[in-house]
1. Does E176 satisfy the condition of being surrounded by fewer than 19 Cβ atoms within 10 Å (Cβ to Cβ), over 18 Å from L249 (Cβ atoms) and not basic (K, R)?
2. Say we look at segment 193-212 and pick out the residues that are under 15 Å from the mean Cα position of the chain (by Cα) and aliphatic (A, V, I, L, M); which of these is modelled with the highest pLDDT?
3. Can you tell me which residue is farthest from L95 (Cα to Cα) among those in segment 209-260 that are among the basic types (K, R) and assigned to a helix (DSSP H, G or I)?
4. Go through segment 168-199 and give me each residue that's among the β-branched types (V, I, T), part of a helix (DSSP H, G or I) and within 20 Å of S237 (Cα to Cα).
5. Can you list the helices (runs of 4 or more DSSP H) lying wholly within segment 34-151 that have 1 or more residues being modelled with pLDDT of 90 or more?
6. Inside segment 152-170, can you point out the residues that are at pLDDT 85 or above, among the charged types (D, E, K, R) and in contact with a helix residue (DSSP H, G or I) (Cβ under 8 Å, 6 or more places away or on another chain)?
7. Whether any residue in segment 175-182 is within 15 Å of the chain's Cα centre (by Cα) and of a type in the set (D, E) is what I want to check.
Amino acid sequence: MPERIAPFTHYLQSIDYMLIGIPRRKRAEIYQELRTHLEDAATERSLSTDDEQLQREVIDALGSSVDLGVEFHQAYYARYQIARRASDLIMATLLTLLMLPFFIVAALIIKLETPGPLFYKAEWLGQYGRCFMLYRLRTMTNAIDMEQRRFTRFGAWIRKLSLDESAALINVFKGELSFVGPRLLRPGETNLGDLRCRRILQVQPGMSSPSLARYGFERVSLPQQLDLDEAYLEQRSLRYDLRLFWETLRTIYHRAHREETESH
């Protein structure tokens, strides 16, 4: 079965819509298989994807028609996504306006201090496992050889305060990031065939995440990160997202304050 699923999972990373022409008598069988292997419905409705009996009960409660259940979920998912996207855009706009003076000054200093681009871009996995380029303000010299790169004076300062991460607001406006979501996964370190990773990748990653709120920018082990992200998906809501975002700001502030104290 994994060998049959793998190619299908691969194609999902590069397509937006899929049209399937099949006989009506085969639809129920195919829908059942898709529900077993694609966990988006359970994730977005705060259900455990491992609880298959609960999934069956939800579908049965909607009626005997699988089509009705799918349409109901799509309508629910669309409303939730609209509300979430609207909150992301509002927050991104407010933060951009608030930080606009900093962005202008930072752009001038970065360009004047050392030659090179304003932004540093790195590849990460987004929703459905699709790769995207994450923006950060450049904090290092632009040497081709990585061993020769070093922090600029201004770069070291904004890195200490994590202000270089604020450039990810561009990704929020582009719809590649949410304000709060699972922590970003690296393409080379993620097994897209792993059930837990695929479950996490059903939703947009976030600028803030449960592991970021708890540990700051320290990298935790992948199993530990997935545990936190799965627990987050079970109780995800706009109110809970606001709480996590606030906790992330507090964690970053305390880390910067601790490093400042230790340096003196």
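1. For E176, the condition - surrounded by fewer than 19 Cβ atoms within 10 Å (Cβ to Cβ), over 18 Å from L249 (Cβ atoms) and not basic (K, R) - is not met.
2. We begin by selecting, within segment 193-212, every residue under 15 Å from the mean Cα position of the chain (by Cα); these are 196-212.
Now narrow it down to the ones that are aliphatic (A, V, I, L, M): 200-201, 203, 207, 212.
Working: I200: 88, L201: 87, V203: 87, M207: 91, L212: 87.
Here the answer is M207.
3. That would be R258.
4. Step one: list which residues in segment 168-199 are among the β-branched types (V, I, T), which gives 170, 172, 180, 190.
The next check asks that each one be part of a helix (DSSP H, G or I); those that pass are 170, 172.
Selection gives V172 alone.
5. Values: elements: 40-44, 52-61, 66-113.
Filter on segment 34-151 gives 66-113.
6. Passing the criteria: R153, D164.
7. Of all residues in segment 175-182, those within 15 Å of the chain's Cα centre (by Cα) come to 175-182.
Then drop every residue that is not of a type in the set (D, E), which leaves 176.
Checking segment 175-182: at least one residue is within 15 Å of the chain's Cα centre (by Cα) and of a type in the set (D, E).
Here's the yes/no breakdown for (1) out of contact with any Ser or Thr (no Cβ under 7 Å at 6 or more places or on another chain); (2) within 24 Å of Q81 (Cα to Cα):
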{"position": "S162", "(1), (2)": "yes, no"}
{"position": "R183", "(1), (2)": "no, yes"}
{"position": "M207", "(1), (2)": "yes, yes"}
{"position": "S211", "(1), (2)": "yes, yes"}
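The values are calculated or read from the model by the stated rules, or taken from the named source; none is laboratory data. The structure displayed is predicted, hence computed values, not measured ones. No Cβ is skipped: glycine too gets one built from the backbone with ideal geometry, and neighbour counts run over all protein chains shown.
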